[in-house]
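Novice: Submitted below is the structure of interest, expressed as structure tokens.
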Amino acid sequence: MFTGLVAEVGEVVRARPAGSGRELWVRCGFTGLALGESIACDGVCLTVEGWEGGSREGEPAIFRVTAGEETLRCTTWGHRQIGHRVHLERALRLSDRLGGHLVSGHVDGVGVLRRRTPRPGWLGLSVEAPAGLARYIAAKGSVCIEGVSLTVNAVEGSVFEIGIIPHTGQQTRLAGIPIGEPLNLEIDLLARYVERLMQAGGPGWAAGSGGAAGPGGITDALRRNGFL
């Protein structure tokens, strides 16, 4: 699990085909890397398979990961080249503060940056979500974009807006992403499970008229099943 709070921005320094996937080497400032640990790379949970350097503070490390066929299909990693600057976050410890929101590192789909709108003190980014994901994104809810935990400001159809404050702009590459850039998206975990519970059926969850869940609608259904 991750929080969506980027620890640093690394760089892809090597890449090569590996069967139906790709091997990638990423330079970072992490120390104490462990074989098999998980690192979120642009929001994609990847496994450290080897590394060099990073044995002491201040010494850069280069770690190796493999993006498999499914990862290449579902994320932006099939197109990332040497020199790409990548958002990095190491896995969450149980004792850590949860400053963002719970992020699994399992990308749900790839969106596209459609518009950049400068606003007083912050930058608005409008992102178009794939049709199958748009229904999970709600105003004031959470979304993970390229591994960054963000709050949704507004939603209009399949396009939603998020705000980049100066700190986020300085610590990530989001403020400089060009229009049309594909972006890894992960929806809020809660949305997945609520939908699954609704699909699973059971007492009180049967769909009523207009798609409402049970006689009292979705709100009552959530209350009966312990969510409210």
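A short reminder: the numbers here are calculations on the coordinates, not readings from a lab. Owing to the predicted nature of the structure, the values given are computational and were not obtained by experimental measurement. For neighbour counting, all protein chains shown are included, and Cβ atoms are generated from backbone atoms with ideal geometry for every residue, glycine included.
Novice: Just want to confirm a number: the relative contact order over the stretch 106-166, from Cα pairs under 8 angstrom separated by 6+ residues, in percent.
Specialist: On the way: 113 pairs, mean separation 19.6, N = 61.
Value for the stretch 106-166: 32 percent.
Novice: Using the Kirkwood radius built from alpha carbon pairs, what does the Stokes-Einstein equation give as D for the chain at 20 °C and 1.002 mPa s, in µm² per second?
Specialist: For the chosen part, D equals 113 µm²/s.
Novice: Here is a further query. Among THR31, ALA18, GLY53, flag the residue with its Cα farthest along the positive direction of the charge dipole of the stretch 1-96, charges on Cβ as +1 for Lys/Arg and -1 for Asp/Glu.
Specialist: Comparing the listed Cα positions along the dipole, ALA18 ranks first.
Novice: While we're here: May I ask you to order 184-192, 82-90 by the average number of other C-beta atoms within 10 Å around their residues, highest value first?
Specialist: 184-192, 82-90
Novice: Tell me the net charge near LEU150. Cut-off is 13 Å between Cβ atoms, LEU150 excluded, with +1 for each Lys or Arg and -1 for each Asp or Glu.
Specialist: -3
Novice: When only C-alpha pairs under 8 Å and at least 6 residues apart count, what is the relative contact order of the stretch 1-108, in percent?
Specialist: So the answer I get is 40 percent.
Novice: To continue, here is another question. Which value does Rg/Rh take for the stretch 1-90 over its C-alpha atoms, Rh per Kirkwood?
Specialist: 0.93
Novice: Per residue and in Å³, how big is the convex hull formed by the alpha-carbon atoms of the stretch 50-121?
Specialist: Working: hull volume 15.3 nm³, N = 72.
Per-residue hull volume (Cα only) is 213 Å³.
Novice: Treating only the Cβ of Lys, Arg, Asp and Glu as charged (+1, +1, -1, -1), what charge dipole size does the stretch 107-173 show about its Cα centre? Round to the nearest 20 debye.
Specialist: In total the dipole reaches around 180 debye.
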